[in-house]
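Pasting a structure here, questions to come.
The values are calculated or read from the model by the stated rules, or taken from the named source; none is laboratory data. This structure is a prediction, so every number in the text was calculated from the model and none was measured. Neighbour counts run over all protein chains shown; Cβ positions are idealised from the backbone, glycine included.
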Amino acid sequence: MFTYKKWSRQTFVTVAIGTALLSGCSPATDSPKDQHLTFVYNFATLSLDPHRDSSYVPLRAGVTETLVRLDDDKLTVEPWLAKSWTNESQTVWRIVLQEDIQFQNGEPLDAAAVKASLERSIRENAGVKNALNIKSITVDGADLLIETQTVYPEFISELVNPNTAIIDIDAKRIDTQPVGTGPFAVSNFSPGTKVDLTRFDGYWGERAKLESVDFLFNEDAGARTMALQSGQADVVYRPEVESVDQLKNKGLTVEAVETFRVHQLTMNVSNGPMQSLPVRQAIDALVDRDELVDHVLQGYATVATGPFIQSFPFAPTYEKQTQRTAVSYLKQAGYTLQDGQMQKNGQPLTLTLLTYSARPDLPLIAQVLQDDAKKIGVTIKIKQIDVPEEYMGSHRDWDLATYSNLTAPRGDAGYYLHATYHPQGGLNFSGVNDPSLTRQLDRLKRTVKPTERNVLAEQIAREVDAKQLNSFLLHPSTLVAYDKTHVKGWKTEKSEYYMITNQLEVR
Amino acid sequence: MGRLFVRQTGEALFFLFFMTFGSFALLRFLPGDPVLTLLNIDELSASPEQIETVRRELGFHEPLLAQYIDWLSRVGRLDLGESFMTGRPVLLMLGESYRATFEIAGSGLVLALLLAVPLGTWSACSNRHVVRLTADGVSLIGAAVPSFWIGLVLTDWFAIRLPWLPVMGRDGVLSIVLPAVSLSLALASIYIQLLRVNLQTELAKEYIQIARARGLSEQTIFWKYAFRGSLPPVLAVFTLSLGSLAGGVVVLEVLFAYPGVGKLMVDAVLQRDYPLIQGYILLTTAIIVALNVIMRLVTQHLRPDWRGGGMR
């Protein structure tokens, strides 16, 4: 017996020492270079193909650029690789390109290269194909002539889409080493883990201040926060909300910026009790938005007054109306409180509310609404679904749904308004078929001039509000944490498109 | 042995067919539409007609059996198709992810065995209370505490308080340490107990007493008879562990941003990436089946009196 014991003990001690040596003998990271930044992003991508990657990493990492970009302050579409654009006719756009731009491999960016890149994005991405609606692209000297299939005023704003980024399509391995025109070039890509970026010295704009960037992916908020706390990351996108106070106490900066997303209650207006305007108004009045912001989103959201954040030029300024209660609206709709329940013609008001777990805030919002409704005698039955677009599109056995929408991701209201309120819209789950609204949406579809489009979009948004076609709850914020004494030039953008820029530097 | 091999291969092929066709059919009946993801319906406008066009282009209107036969014929040419999410070849993506998973799962398993074999044998052979208490303690912690929590604690100690190891990523040997150690504690707990109980059972058997009476050395009795005799159940559990690890260690992969196959599959299922899911099911089933065949052959070699898990 002693033999086994001796052997076992010796083996155990050897293993223990070996493991300790393996795990602790050298530092984890090399000493940082000058002007090197480590950024941790909350989504991972397995492909850097700028025309397919739905995480938009190449654009966010400063590798690629689009023809136009969204100005985060004015929220208007501004020139980028395109210097200017004009309408040659109702369906033909002339795009004038910036001069003397080269790709990161030294190839020149000219009209032919842009044409090839746009054609590839259409070929590779069915969503882009639909969104751009292009019939033909012609090279006209140094310019491009792009003809759309129909009159399509949103065309220019659709070019903000990161999946339309301009790349050299002749470069090898576009999925791991795309060649764009941005201030940083990809030096190495580990799918799902990180992108190593190095400064592109031939950048057409101001040369980047950073020499290199590690663009890391981690989908666990706790791990991202720990990376910042350990000093292994300089900037962290969406740190753990619960750790925000702790980070602030350590002297770190946590920025919260409202996004283009709106959490809303989608209402089924095609059948059931939600066909009645006062019932829709009652549900809208029932929602305590401040409570949702404070308790569900822990303060990191802003109350929504409509689908668009207020800084958009087409977002209406809603006049403050006398606050009516949900009960008064229900009484107007013919409901009375009997035996603790709101009833009409002996039928209690019972609503089915859809929710889904892909956005964790939404089921919580559904529960808060259910509790609030119960207090005034309205029964809300919550139904958990997997894919909201599929369920709402193919079933009519629901009255309300918690849903989250990007309302103007490319700076134009047309996409959201048309998709959500036009009878032919892909996101018209409410079943809206309102002739007056449809006429206005069709007019918007034909209106090219931006100022006129804004006025019209605002009118439509007002009409949506007056008819209470949906109820808008809040705009969730994006959080970014970093050490302001160390990182300079960081800007948390509402669009969430542009992250690693030539303005970033470390001190 | 030859007949056994042929029979096992036949069973394996049938199982592969059953799994791939079953999953192919089930995927099509599950809620969720990959076309909506492909068209990025959350951000881009698409009319019902455009959605139908893409659906038709992808062949979703074809009968289920025709779709399956088409997939099977491409598998025959070693073409698992392209991922809906990335457009990259499924075989390439799975290869990359399996490599990452095997790095942490393999290291975790080796560490677990390095911990479990000495501790299990020591506690089986020793009558000292402290030895048993140590073995029980490690087992209990490994079994009761989730590996992600162990991962968080280890990260706090060895990556934040003592900045020796990276918090995340896949950047050399050091980045494997934290996920591997977190995983090894959970795995070791099973093997410590299993090995101890089996060794104690073997050592108490009559043939061990006879071997001692015949004057065989303790070394020979232990290694040639007792230890070897205790291995088949451990091997069976080891094979099961390998099979389950081959499916990915998703929680640790997410926590440490290690791009393994578990995380890849969660994303693929969420986005209904049919080619990727099908490729994964095919490869994982093949790995598990192959492991089982190897385990049975090894077990038979160790204990010729065993046939298919039972003793003659």
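Any idea which of (1) modelled with pLDDT of 85 or more; (2) within 14 Å of chain A (Cβ to nearest Cβ) is the one residue B:282 doesn't satisfy?
(2)
Quick check, is residue B:109 at the interface with another protein chain (Cβ under 10 Å from one of its Cβ atoms), surrounded by fewer than 23 Cβ atoms within 10 Å (Cβ to Cβ) and not in a loop (DSSP other than H, G, I, E, B)? Step through it out loud before you land on a result.
On the way: at the interface with another protein chain (Cβ under 10 Å from one of its Cβ atoms): no; surrounded by fewer than 23 Cβ atoms within 10 Å (Cβ to Cβ): yes; not in a loop (DSSP other than H, G, I, E, B): yes.
No, not satisfied.
Within segment B:28-54, how many residues are surrounded by fewer than 17 Cβ atoms within 10 Å (Cβ to Cβ) and more than 9 Å from chain A (Cβ to nearest Cβ)?
Total meeting the criteria: 3.
Now for a separate question. Looking at B:178, B:183 in this structure, which one is more than 24 Å from residue A:214 (Cα to Cα), within 25 Å of the chain's Cα centre (by Cα) and crowded, with 16+ Cβ neighbours inside 10 Å? Walk me through how you get there before you give the answer.
Details: B:178 fails: more than 24 Å from residue A:214 (Cα to Cα).
Sole residue among the options that is more than 24 Å from residue A:214 (Cα to Cα), within 25 Å of the chain's Cα centre (by Cα) and crowded, with 16+ Cβ neighbours inside 10 Å: B:183.
Moving on. Among the residues of segment A:47-96, how many are within 14 Å of chain B (Cβ to nearest Cβ) and touching a helix residue (DSSP H, G or I) at 6+ places or on another chain (Cβ under 6 Å)?
Keep residues of segment A:47-96 that are within 14 Å of chain B (Cβ to nearest Cβ), which gives A:47-59, A:70.
Those left that are additionally touching a helix residue (DSSP H, G or I) at 6+ places or on another chain (Cβ under 6 Å): A:48, A:50-52, A:56, A:59.
Qualifying residue count for the region: 6.
I'd like to verify a number: residues in segment A:44-102 that are modelled with pLDDT under 95, small (Gly, Ala, Ser) and surrounded by fewer than 20 Cβ atoms within 10 Å (Cβ to Cβ), how many?
Counting residues in segment A:44-102 that are modelled with pLDDT under 95, small (Gly, Ala, Ser) and surrounded by fewer than 20 Cβ atoms within 10 Å (Cβ to Cβ) gives 2.
A further question follows. Residues B:191, B:225: which one is buried (at least 20 other Cβ atoms within 10 Å of the Cβ) and of a type in the set (Phe, Trp, Tyr)?
Working: B:225 fails: buried (at least 20 other Cβ atoms within 10 Å of the Cβ).
Residue meeting the stated conditions: B:191.
Further question on the same structure: Under the condition of being among the charged types (D, E, K, R), within 10 Å of chain A (Cβ to nearest Cβ) and closer than 26 Å to residue B:60 by Cβ, which residue from segment B:240-279 is surrounded by the most Cβ atoms within 10 Å (Cβ to Cβ)? Working first, answer last.
Residues of segment B:240-279 that are among the charged types (D, E, K, R), as a first pass: B:253, B:263, B:267, B:272-273.
Okay, now just the ones that are also within 10 Å of chain A (Cβ to nearest Cβ), so B:253, B:263, B:267, B:272.
Now restrict to residues that are closer than 26 Å to residue B:60 by Cβ: B:267, B:272.
Working: B:267: 17, B:272: 24.
So, considering only residues that are among the charged types (D, E, K, R), within 10 Å of chain A (Cβ to nearest Cβ) and closer than 26 Å to residue B:60 by Cβ, the one surrounded by the most Cβ atoms within 10 Å (Cβ to Cβ) is B:272.
So which of B:162, B:199 is within 11 Å of chain A (Cβ to nearest Cβ) and over 29 Å from residue A:44 (Cβ atoms)? Don't jump to the end; show me each part of the working.
On the way: B:162 fails: over 29 Å from residue A:44 (Cβ atoms).
Sole residue among the options that is within 11 Å of chain A (Cβ to nearest Cβ) and over 29 Å from residue A:44 (Cβ atoms): B:199.
Give segment A:425-448 a look and list any residue that's more than 14 Å from chain B (Cβ to nearest Cβ), basic (Lys, Arg) and touching a Pro at 6+ places or on another chain (Cβ under 8 Å), or say none.
Listed by number, the list holds a single entry, A:446.
Return the residue satisfying two criteria in turn: it lies in segment A:287-316 and is in a strand (DSSP E or B) and touching a His at 6+ places or on another chain (Cβ under 7 Å), and of such residues it is surrounded by the fewest Cβ atoms within 10 Å (Cβ to Cβ). Break it down into steps so the answer makes sense when it comes.
Keep residues of segment A:287-316 that are in a strand (DSSP E or B), which gives A:301-303.
Right, trim to touching a His at 6+ places or on another chain (Cβ under 7 Å) and you get A:301-302.
Values: A:301: 23, A:302: 19.
Step by step, filter segment A:287-316, then rank; the result is A:302.
Among the candidates A:326, A:333, single out the residue that is at pLDDT 90 or above, surrounded by fewer than 19 Cβ atoms within 10 Å (Cβ to Cβ), under 19 Å from residue A:268 (Cα atoms) and not hydroxyl-bearing (Ser, Thr, Tyr).
On the way: A:326 fails: surrounded by fewer than 19 Cβ atoms within 10 Å (Cβ to Cβ).
Just one listed residue meets the conditions, A:333.
Report the residue count in segment A:232-276 for those that are closer than 30 Å to residue A:332 by Cα and not hydrophobic (A, V, I, L, M, F, W, C). Let's see the steps before the verdict.
Of all residues in segment A:232-276, those closer than 30 Å to residue A:332 by Cα come to A:262-276.
Those left that are additionally not hydrophobic (A, V, I, L, M, F, W, C): A:263-264, A:266, A:268, A:270-273, A:275-276.
Here the count works out to 10.
When you look at residue A:185, is it more than 28 Å from residue A:449 (Cβ to Cβ) and in a strand (DSSP E or B), yes or no?
Yes.
Looking only at residues that are over 15 Å from the mean Cα position of the chain (by Cα) and part of a loop (DSSP other than H, G, I, E, B) in segment A:33-43, which one is modelled with the highest pLDDT? Steps first, please.
Applying the first criterion (over 15 Å from the mean Cα position of the chain (by Cα)) to segment A:33-43 yields A:33-40.
From what is left, the residues that are part of a loop (DSSP other than H, G, I, E, B) are A:33-35.
Details: A:33: 58, A:34: 81, A:35: 92.
Only one residue tops the list, namely A:35.
Output the number of residues of segment B:213-253 satisfying the condition of being touching a residue at least 60 places away in the same chain (Cβ under 8 Å) and of a type in the set (Lys, Arg).
1
Just one of the numbered conditions (1) under 23 Å from the mean Cα position of the chain (by Cα); (2) without any contact (Cβ under 8 Å) to a residue 12 or more places away in the chain is not true of residue B:210; which one?
Just one mismatch for residue B:210, condition (1).
Right, next: I'd like to verify a number: residues in segment A:247-271 that are part of a loop (DSSP other than H, G, I, E, B) and either buried (at least 19 other Cβ atoms within 10 Å of the Cβ) or among the hydroxyl-bearing types (Ser, Thr, Tyr) (or both), how many? Can you show your working first?
Step one: of segment A:247-271, the residues part of a loop (DSSP other than H, G, I, E, B) are A:250-252, A:259-260, A:268-271.
Now narrow it down to the ones that are either buried (at least 19 other Cβ atoms within 10 Å of the Cβ) or among the hydroxyl-bearing types (Ser, Thr, Tyr) (or both): A:252, A:259-260, A:268-270.
Looking only at that region, the number is 6.
Same structure again: When only residues in segment B:69-97 that are away from chain A (no Cβ under 12 Å) and in contact with a Leu (Cβ under 9 Å, 6 or more places away or on another chain) count, which is modelled with the lowest pLDDT? Full working, then the answer.
Let us first name the residues in segment B:69-97 that are away from chain A (no Cβ under 12 Å), namely B:69-81, B:91.
Those still in the list that are in contact with a Leu (Cβ under 9 Å, 6 or more places away or on another chain) too: B:71, B:74-75, B:78-81, B:91.
On the way: B:71: 92, B:74: 91, B:75: 90, B:78: 87, B:79: 91, B:80: 92, B:81: 91, B:91: 94.
Filtering segment B:69-97 for residues that are away from chain A (no Cβ under 12 Å) and in contact with a Leu (Cβ under 9 Å, 6 or more places away or on another chain), the one modelled with the lowest pLDDT comes out as B:78.
When you scan segment B:125-136, do you find a residue that is closer than 30 Å to residue A:195 by Cα, surrounded by fewer than 23 Cβ atoms within 10 Å (Cβ to Cβ) and within 8 Å of chain A (Cβ to nearest Cβ), even just one?
Residues of segment B:125-136 that are closer than 30 Å to residue A:195 by Cα, as a first pass: none.
Within segment B:125-136, not a single residue is closer than 30 Å to residue A:195 by Cα, surrounded by fewer than 23 Cβ atoms within 10 Å (Cβ to Cβ) and within 8 Å of chain A (Cβ to nearest Cβ).
Let me ask you something else. Is it the case that segment A:232-246 has a residue that's within 19 Å of residue B:253 (Cβ to Cβ), part of a helix (DSSP H, G or I) and out of contact with any Leu (no Cβ under 7 Å at 6 or more places or on another chain)?
No, segment A:232-246 has no match at all.
Here is a check on your reading of the model: is residue A:119 out of contact with any Leu (no Cβ under 7 Å at 6 or more places or on another chain), surrounded by fewer than 23 Cβ atoms within 10 Å (Cβ to Cβ), within 14 Å of another protein chain (Cβ to nearest Cβ) and not polar (S, T, N, Q)? Outline the logic, then answer.
Working: out of contact with any Leu (no Cβ under 7 Å at 6 or more places or on another chain): yes; surrounded by fewer than 23 Cβ atoms within 10 Å (Cβ to Cβ): yes; within 14 Å of another protein chain (Cβ to nearest Cβ): no; not polar (S, T, N, Q): yes.
Here the answer is no, as residue A:119 does not meet what is asked.
Moving on to the next point. Please determine whether any residue of segment B:56-68 is surrounded by 15 or more Cβ atoms within 10 Å (Cβ to Cβ) and more than 14 Å from chain A (Cβ to nearest Cβ).
Yes; the residues of segment B:56-68 include at least one that is surrounded by 15 or more Cβ atoms within 10 Å (Cβ to Cβ) and more than 14 Å from chain A (Cβ to nearest Cβ).
With the requirement that a residue be in contact with a strand residue (DSSP E or B) (Cβ under 7 Å, 6 or more places away or on another chain) and not in a loop (DSSP other than H, G, I, E, B), what does segment A:137-162 give you? Step through it out loud before you land on a result.
Taking segment A:137-162 as the starting set, the residues that turn out to be in contact with a strand residue (DSSP E or B) (Cβ under 7 Å, 6 or more places away or on another chain) are A:137-138, A:142-149, A:155-157, A:159-160.
Across segment A:137-162, the qualifying residues are A:137, A:138, A:143, A:144, A:145, A:146, A:147, A:148, A:155, A:156, A:157.
It is to be established whether one or more residues within segment A:163-173 are assigned to a helix (DSSP H, G or I) and away from chain B (no Cβ under 13 Å). Explain how you work it out, then say what you get.
Here is the first cut: in segment A:163-173, the ones assigned to a helix (DSSP H, G or I) are A:163-164.
Subset that is away from chain B (no Cβ under 13 Å): none.
No; the residues of segment A:163-173 include none that is assigned to a helix (DSSP H, G or I) and away from chain B (no Cβ under 13 Å).
State all residues of segment A:343-375 that are over 30 Å from the mean Cα position of the chain (by Cα) and within 22 Å of residue A:294 (Cα to Cα); if no residue qualifies, say none.
Within segment A:343-375, A:373, A:374, A:375 meet the criteria.
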